[in-house]
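The values are calculated or read from the model by the stated rules, or taken from the named source; none is laboratory data. Since we're looking at a predicted model, the values are computed, not measured. Cβ: placed from backbone, ideal geometry, glycine included. Neighbour counts: every protein chain shown.
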Amino acid sequence: MVTDETPRFAADRMLMRLARWLRLLGADVITDASVGGAELLKRARAEGRILLTRDKRLRAASDAFFIESNNLRDQLPAVLAHFAIDPGVRAFTRCSRCNLLLAGVARELVSLRVPPYVFASHDRFAECPGCGRIYWPETHPRRIAAILESITHR
Ligand SMILES: [Zn+2]
């Protein structure tokens, strides 16, 4: 049963960067570079996901959201304007590469795995159970807003 009201997505292979950024904002986004849009749409439908696509042939498909721009700066705002994704709630809870939810990890365990200035300036760290990447969640809403700003208005 899905208790999470945030929409789940599948992103086609032309939208890999967008997928990574949406994951950083907390959205569940699957990608599969080995299949085309139509194939991915089938999988998305089977899993109750919305397909994000640059494929014009899928423009009119139900359960698909056509992304006009080739530029991340336009793509991300387009998705955020259309779907209920609140970066303030779930940002930095998911691995941008694996799409897996991060698990908290004790601060002392990451001291040698992150840059010293990061270790010094953050209290909380999280680790991806898939690839082992360490994240240092930006939990401050103003900081998250600044990051979004930097992508969308550069
Ligand atoms: Zn990962």
Practice task
Report, by residue number, each residue of segment 97-112 that is surrounded by fewer than 18 Cβ atoms within 10 Å (Cβ to Cβ), within 14 Å of the ligand (Cβ to nearest atom) and not hydrophobic (A, V, I, L, M, F, W, C).
Solution key: ARG97
Exercise for the section: Determine whether VAL118 is within 16 Å of the ligand (Cβ to nearest atom), over 16 Å from the mean Cα position of the chain (by Cα), over 15 Å from LEU25 (Cα atoms) and not basic (Lys, Arg). Expected result: no
Fill in the blank from the handout: Selection from segment 86-104 of residues farther than 11 Å from LEU24 by Cβ and of a type in the set (A, V, I, L, M, F, W, C) yields VAL89, CYS98, LEU100, LEU101, ALA103
Problem - Residue list for segment 32-53, restricted to those being of a type outside the set (A, V, I, L, M, F, W, C), surrounded by 14 or more Cβ atoms within 10 Å (Cβ to Cβ) and without any contact (Cβ under 8 Å) to a residue 24 or more places away in the chain - result: ARG45
Practice task
Go through (1) of a type in the set (S, T, N, Q); (2) within 16 Å of the ligand (Cβ to nearest atom); (3) crowded, with 18+ Cβ neighbours inside 10 Å and name the single condition GLN75 misses.
Solution key: (2)
Exercise for the section: Examine segment 125-136 for a residue that is surrounded by fewer than 16 Cβ atoms within 10 Å (Cβ to Cβ), away from the ligand (no atom under 16 Å from the Cβ), not hydroxyl-bearing (Ser, Thr, Tyr) and not assigned by TED's automatic domain parsing to the domain that holds LEU24, and state whether such a residue exists. Expected result: no
Fill in the blank from the handout: Within segment 1-33, the residues that are among the polar types (S, T, N, Q) and at pLDDT below 95 are THR3, THR6
Exercise for the section: Within segment 81-96, identify whether any single residue is within 16 Å of the ligand (Cβ to nearest atom) and surrounded by fewer than 11 Cβ atoms within 10 Å (Cβ to Cβ), and answer yes or no. Expected result: no
Practice task
Give the residues of segment 108-141 that are in contact with a strand residue (DSSP E or B) (Cβ under 6 Å, 6 or more places away or on another chain) and over 30 Å from ALA10 (Cβ atoms), sorted by residue number.
Solution key: VAL110, ARG113, VAL114
